[in-house]
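Single-structure report; data block below.
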Amino acid sequence: MVEKLWGGRFSKKTDLSVEEFAKSIQYDYKLAKFDLLGSALHVEILKESGFLSSFEANRLHLGLQSVYRQFDKGEFRINNKYEDIHTYIHYQLQKIVGDLALKLHTARSRNDQVVFATKCYCKVAARDLLRDIIGLKKSIISLAQRHRDIIIPGFTHMQHAQPVYLKDYLKMYVEMLERDKSRLAYVANNINITLGAGALAGTPINYAKYASGASKILKKYKEFSEFNIKATINSLDSVSDRDFVIELLNILSIIGIHLSRFAEDLIIWSTKEFNFVDIDESFCTGSSLMPHKKNPDVLELIRGYSGRLTGNLVSVLIMMKGLPFTYNRDMQLDKEPLFDSFEKASQEIRVLNGLIRTLRFNSAQIKEYLKDESLYATDLVYYLVNKGVPFKKAHTIIGRLVKYSVDNSVLIKDMPERLIKKFSEKLAKDEIIRLFDPVVSVRSKRSIKRARV
Ligand code: ARG
């Protein structure tokens, strides 16, 4: 390990097991660019407050930019000599500008740096994920458009319920993604990026310098120009707050659950028993033992990862529970779950997008299932209701008719009219037979205002 940022008070070397146990560089290197942005901002603030001369500030800016380029070019390699990314950047800068780097830590603390960088990371990760969600939504909508006329048996309790348009089924996922998108945008927009908390008590720098320093620096670091950075309103809260992490992890686990349910439907639909869909070979995997297998592993992994995304949320909730105010080292443990959830959600959405774009529906097979008369039982109830029979009574009559058909293995359409009339005088065979039609059934549902697709 290199010298600590905090070595002065200690006369003994840190035990190696502590170094190994406490370090976070192996994952918090993902915050590098944001920490560098915060450092550039801090240089500007120190200059405006008279802690740095213009010459010193310029040298530090150039130094920070050259460290920034290392990350931009992907040249960074995890180096376990450093405790965390903040320490690593400090030493890189020191290599370039010498002891001038020691001035950069004036009036700042990693407690503030880490929350600043994590908030920036969240903004960018949310922005990227929103793009992924929009991409998936588009693919589902175009799948719905391509199959706008297909009707499928709808299920409740995994049992045949009523016929529904496939496009409505697919647009159900679009609705979920739309909610995910607006939740994500809302929470990401509400993250206030602040500086000036110091370790917890604030800094000797006037609050106005933070906003003015930020507006200058954001013009240079164009990647982040949409950020709105201000001085902290309550420094104690700033270094203690991880609500934004929990909110995002919550949103990401809901996304995980949505995708997992979608995946489960497709897994079931791709079985030989259902055979509703054919998943393209490029999105399937095989078996090392059984040569015929074409498995939906991708969908199973999406289903599986929903557990991990939920676990990530729970781990941060429990880590935060009961922590005394303000900063505690426990909070370092928010990052692995946060990064993991963003990365996994994004991967899931992208791979599902590819799978959706190559998915084919087996309409001939689906039509076979639509022959099941029980799918139209509810329509027969409405038929009787329209003839003046109270709903409850109509329900019982049709229930008995269906039971007779099942028990005696005879289709209603093959029963003689006088047998049908035994269940209710109001049942006219030629009329009810016309109701065993998926198109008639879906068109009779008027509560849904239909868009063109
Ligand atoms: N790596 C630490 C974290 O992620 C940085 C803050 C350390 N602060 C401290 N007082 N030890 O939280």
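All of the numbers you see were taken from the coordinates with simple rules; none came from a lab. Source: prediction; values computed, not measured. For neighbour counting, all protein chains shown are included, and Cβ atoms are generated from backbone atoms with ideal geometry for every residue, glycine included.
Applying the criteria of a DSSP loop state and at most 15 other Cβ atoms within 10 Å to the GluC sites (Glu not before Pro) of the range 6-103 yields GLU75. Residue pairs exceeding 22 angstrom between C-alpha atoms, taken from LYS387/LYS449; LYS138/LYS222; LYS371/LYS445; LYS123/LYS219: LYS387/LYS449; LYS138/LYS222. Label separation (LEU62 vs VAL18): 3.9 nm, computed from points 7 Å beyond Cα along the C-beta direction.
Here's the picture: a label point sits 7 Å out from the Cα of LYS387 along the beta-carbon direction, and within the range 418-452 the residues with their amide nitrogen under 14 Å of it are 418-435. In the chain, the DSSP-assigned H stretches of four residues or longer account for a calculated mean residue ellipticity at 222 nm of -19500 deg cm²/dmol, using -39500 (n - 2.57) per stretch and the full residue count as denominator. In this calculation the C-beta distance from ARG69 to ASN362 is compared with R0 = 60 Å, giving a FRET efficiency of 0.70. Relative to one another, the C-alpha centroids of the range 50-99 and the range 321-356 are positioned 27 Å apart. Go through LYS47/LYS95; LYS171/LYS403; LYS13/LYS103 and tell me which ones have a Cα-Cα distance over 28 Å in this structure. In this structure, LYS171/LYS403 exceed 28 Å between Cα atoms.
Of the GluC sites (Glu not before Pro) found in the range 223-257, those in coil by DSSP whose Cβ has at most 13 other Cβ atoms within 10 Å are GLU226. P(r) for the range 371-443, from all Cα pairs and a bin width of 10 Å, is 20, 60, 20, 0 %, short bins first.
Inter-label distance, SER225 to LYS81: 3.8 nm, where each label sits 7 Å from its Cα along the C-beta direction.
Ranked for footprinting exposure by Cβ neighbours inside 10 Å, fewest first, THR156, THR326 give THR156, THR326.
When the Kirkwood hydrodynamic radius is evaluated over all pairs of different C-alpha atoms of the range 93-232, what value in angstrom, to one decimal, is obtained? Display every interim value, and only then the final one.
Working: mean 1/r = 0.0522 Å⁻¹.
It works out to 19.2 Å.
Extension gain, ARG400 to ALA199, is 64.9 nm, computed as 0.36 nm per intervening residue step minus the present C-alpha separation. Applying the criteria of a DSSP loop state and at most 14 other Cβ atoms within 10 Å to the chymotrypsin sites (Phe, Trp or Tyr not before Pro) of the range 1-103 yields TRP6, PHE10.
Calculate, for TYR369 and LEU419, the FRET efficiency according to 1/(1 + (r/R0)^6) with r their C-beta to C-beta distance and R0 30 Å; round to the nearest 0.05.
E(calc), rounded to 0.05, equals 0.70.
Net length available on complete extension from ARG261 to ASP297 is 11.5 nm, with 0.36 nm assigned per residue and the Cα-Cα distance removed.
Residues ILE254, ILE152 in ascending order of nearby Cβ atoms (within 10 Å, fewest first): ILE254, ILE152. Extent of the chain along its three principal axes (Cα atoms, max minus min coordinate, largest first): 101, 53, 40 Å. Length available on full extension from VAL2 to ILE318: 0.36 nm per residue minus the Cα-Cα distance, which gives 110.5 nm.
Within the range 291-407, the proportion of C-alpha pairs whose separation exceeds 20 Å stands at 70%.
Remark: the range 371-443 carries a charge dipole of roughly 300 debye about the Cα centre, counting +1 on each Lys and Arg Cβ and -1 on each Asp and Glu Cβ. For LYS230, the aspartates and glutamates whose Cα comes closer than 17 Å to its Cα, not counting residues fewer than 8 places off in the same chain, are ASP35, GLU44, GLU48, ASP112, ASP241.
Can you give the % of DSSP beta bridges in the chain that are antiparallel, to the nearest 5?
Details: 8 of 11 bridges.
Counting DSSP beta bridges with both partners in the chain, the antiparallel share is about 75 percent.
Each of ASN408, PHE436, SER424 was placed along the dipole of the range 371-443 (beta-carbon charges, centred on the mean Cα), and the one lying farthest toward the positive end is SER424.
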